[in-house]
Amino acid sequence: VQLQASGGGLVQTGGSLRLSCTTSERTASGGAVAWFRQAPGKEREGVAALRWNGYTYYSDSVKGRFTISRDNAKKTYDLQMNNLKPEDTAVYYCAAGSPILSAILRAGTYRDWGQGTQVTVSS
């Protein structure tokens, strides 16, 4: 699967951004698309995932602020980010794979990755 992320930018604390991930094919049964982020000097962190069956998963750090959604016709997966904080600053990546549920936000379980898009939240 080929993926392309877009929509990053600079926003003030409390602001919103919407990231979009365009995929080359629909998610097959058992598959998922997830958003990860990586800040300088930190490990890549899974923030949101959406499985083929429509179930969504979020890290505790973004729960209630971020929403992952998809448009099946367009084969896109969006990440709506609200109430952004400086600690949300990172390069954001989308990825596709067939992770088991217990590893739904683990980077190592995703096979295909898009290029990153920078999100910067100013204080």
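Name the single residue that is farthest from Y55 (Cα to Cα) among those in the range 67-110 being among the basic types (K, R) and free of Cβ contacts under 8 Å to residues at least 60 places away in the same chain.
The first filter runs over the range 67-110 and keeps only residues among the basic types (K, R), leaving 70, 74-75, 85, 106.
Pick out the ones that are also free of Cβ contacts under 8 Å to residues at least 60 places away in the same chain and you get 70, 74-75.
Values: R70: 11, K74: 19, K75: 17 Å.
It comes out as K74.
The set of residues in the range 80-91 being assigned to a loop (DSSP other than H, G, I, E, B) and surrounded by 22 or more Cβ atoms within 10 Å (Cβ to Cβ) consists of L84 alone. Take the residues of the range 106-123 that are in a loop (DSSP other than H, G, I, E, B) and either open to solvent by less than 80 Å² (accessible area, probe 1.4 Å) or of a type in the set (F, W, Y) (or both): which is nearest to A34 (Cα to Cα)? In this case the residue turns out to be G114.
In this structure, is S24 open to solvent by 20 Å² or more (accessible area, probe 1.4 Å) and within 16 Å of Q2 (Cα to Cα)? Outline the logic, then answer.
On the way: open to solvent by 20 Å² or more (accessible area, probe 1.4 Å): yes; within 16 Å of Q2 (Cα to Cα): yes.
So S24 passes the test.
Here is a check on your reading of the model: is V33 among the aliphatic types (A, V, I, L, M), under 18 Å from I104 (Cβ atoms), modelled with pLDDT under 95 and in contact with a strand residue (DSSP E or B) (Cβ under 6 Å, 6 or more places away or on another chain)? So V33 does not fit the description; no. If you go through the range 92-105 and keep only what is open to solvent by 40 Å² or more (accessible area, probe 1.4 Å) and more than 12 Å from the chain's Cα centre (by Cα), you end up with S98, I100, L101, S102.
Among the candidates W35, W52, the residue that is open to solvent by 60 Å² or more (accessible area, probe 1.4 Å) and aromatic (F, W, Y) is uniquely W52. In this structure, T76 does not satisfy being at pLDDT below 95, within 16 Å of L3 (Cα to Cα) and either within 13 Å of the chain's Cα centre (by Cα) or among the polar types (S, T, N, Q) (or both). Are there any pairs with C-beta distances below 8 angstrom linking a residue in the range 42-53 that is more than 14 Å from T109 (Cβ to Cβ) to a residue that is of a type in the set (D, E, K, R) and open to solvent by 60 Å² or more (accessible area, probe 1.4 Å), with the two at least 6 apart or on different chains, and if so which? Qualifying pairs under 8 Å: L50/R70.
The values are calculated or read from the model by the stated rules, or taken from the named source; none is laboratory data. Given the structure is predicted, the values throughout are model-derived calculations rather than measurements. Cβ atoms come from the backbone with ideal geometry, glycine included; neighbour counts cover every protein chain shown. All accessible areas refer to the heavy atoms of the entire protein, side chains included, with ligands and DNA or RNA removed. Shrake-Rupley method; radii C 1.70, N 1.55, O 1.52, S 1.80 Å.
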